[in-house]
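First the structure, in the form of structure tokens, and then the observations on it.
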Amino acid sequence: MLFAGYKADALSFSVLNFAHTPVLIADINTVVSSEVLHLDSFSPALSHNLNLSKLEAVFFEINSPDITNDSLEVLKKIRQTNQIACVFILVTHSKSFSGTHFYISGADHCLKLSSDTQERKQLLSETLKESHWKSPTQLYLDRTRLLLCSTTYKLDISYTEMTIIDALIKAPEHVMSQDSIAKTLYPNIIFYDPRALEKTISRLRTKIRKAYNIELIISVRAYGYRLRRGTISR
């Protein structure tokens, strides 16, 4: 446990881990090349001694539904000063779990981890490799010319597709419900066809994946969609 008087920022840790299970701590040490500060209490992160703005990645282990609310509060605290860090939610309990509230609060990845050591390490390793932390990609949305650009390529997009991306860029934590996206596209709409919207976004996701080999727009189960953090400049 890190006590309240401890000056963690002086040690320049870039990765923070709220873990409870020794085996998971060992797994994170194995797959993360940076030096990791492991904490077994949430209270230090809420103190002023931790420099949250300098963090590059944060791991939360959810080993019981009982700590969900505390984890969400710490996550919100981090996002008040740090919009760039990659946040991983690692669920190790066997009960049902929904990542919706974590995504809305600013999480980037929610993983239900297996008890099998090899499967757990493989999932962690693959997720880290694909994250914006380890695989940064910079794109620019040209709203006037309807282009999604990298430094070497320009992808033509429709006005509807531009509007969807723009709305996700501006949304809190880059997360929107399906209803909110529909309302953005058609402000006066009363009813809409969810399947038609899903097809529109699916085509956009495929187009971006083929052009830039990334998942820019990710579905949030039973809620809507989120945008890959740190990828498109405002």
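The values are calculated or read from the model by the stated rules, or taken from the named source; none is laboratory data. Remember, predicted model here, so these are calculated numbers, not experimental data. Note that we place each Cβ from the backbone using ideal geometry, even for glycine, and neighbour counts take in every protein chain shown.
The condition of being assigned to a helix (DSSP H, G or I), outside the structural domain of Thr100 (by TED's automatic domain parsing) and touching a residue at least 40 places away in the same chain (Cβ under 8 Å) holds for Glu161.
Within the stretch 177-190, is even one residue surrounded by 18 or more Cβ atoms within 10 Å (Cβ to Cβ), more than 21 Å from Cys86 (Cβ to Cβ) and more than 21 Å from the chain's Cα centre (by Cα)? Yes, that holds for at least one residue. Applying a threshold of 7 Å to beta carbon distances and a minimum spacing of six or more residues, or different chains, the list of pairs starting in the stretch 58-73 at a residue that is assigned to a helix (DSSP H, G or I) and ending at one that is surrounded by fewer than 17 Cβ atoms within 10 Å (Cβ to Cβ) reads Pro65/His93; Pro65/Lys95; Asp70/Phe42; Leu72/His101.
Among the residues of the stretch 79-135, those identified as of a type in the set (Gly, Ala, Ser) and either touching a strand residue (DSSP E or B) at 6+ places or on another chain (Cβ under 7 Å) or closer than 23 Å to Leu50 by Cα (or both) are Ala85, Gly99, Ser105, Gly106, Ala107, Ser131.
Residues of the stretch 20-45 being among the small types (Gly, Ala, Ser), at pLDDT below 85 and either farther than 17 Å from Leu75 by Cβ or crowded, with 18+ Cβ neighbours inside 10 Å (or both), which ones?
Answer for the stretch 20-45, where residues must be among the small types (Gly, Ala, Ser), at pLDDT below 85 and either farther than 17 Å from Leu75 by Cβ or crowded, with 18+ Cβ neighbours inside 10 Å (or both): Ser33, Ser34, Ala45.
With the checklist (1) closer than 22 Å to Gly224 by Cβ; (2) assigned to a strand (DSSP E or B); (3) in contact (Cβ under 8 Å) with a residue 60 or more places away in the chain in hand, flag the one item Cys110 doesn't pass. Unmet for Cys110, out of (1) closer than 22 Å to Gly224 by Cβ; (2) assigned to a strand (DSSP E or B); (3) in contact (Cβ under 8 Å) with a residue 60 or more places away in the chain: (3). Residue count for the stretch 128-145 satisfying the condition of being touching an Asp or Glu at 6+ places or on another chain (Cβ under 7 Å) and among the basic types (Lys, Arg): 1.
Have a look at Leu155, Leu113 and point out the one that is over 19 Å from Ser233 (Cα atoms) and either assigned by TED's automatic domain parsing to the domain that holds Glu73 or modelled with pLDDT of 95 or more (or both).
Numbers: Leu155 fails: over 19 Å from Ser233 (Cα atoms).
Exactly one residue qualifies, and that residue is Leu113.
Sort through Gln118, Gln178 and tell me the only one that's assigned by TED's automatic domain parsing to the domain that holds Arg79 and not acidic (Asp, Glu).
Values: Gln178 fails: assigned by TED's automatic domain parsing to the domain that holds Arg79.
Gln118 is the lone residue from the list that is assigned by TED's automatic domain parsing to the domain that holds Arg79 and not acidic (Asp, Glu).
Considered as a group, the residues in the stretch 2-19 that are assigned to a loop (DSSP other than H, G, I, E, B) and in contact with a Leu (Cβ under 7 Å, 6 or more places away or on another chain) include one that is modelled with the highest pLDDT, and that residue is Ser14.
Looking for whichever is surrounded by 13 or more Cβ atoms within 10 Å (Cβ to Cβ) and more than 24 Å from the chain's Cα centre (by Cα) here; the options are Leu139, Leu147, Leu197. Which one fits? Walk me through how you get there before you give the answer.
Numbers: Leu139 fails: more than 24 Å from the chain's Cα centre (by Cα); Leu197 fails: more than 24 Å from the chain's Cα centre (by Cα).
Sole residue among the options that is surrounded by 13 or more Cβ atoms within 10 Å (Cβ to Cβ) and more than 24 Å from the chain's Cα centre (by Cα): Leu147.
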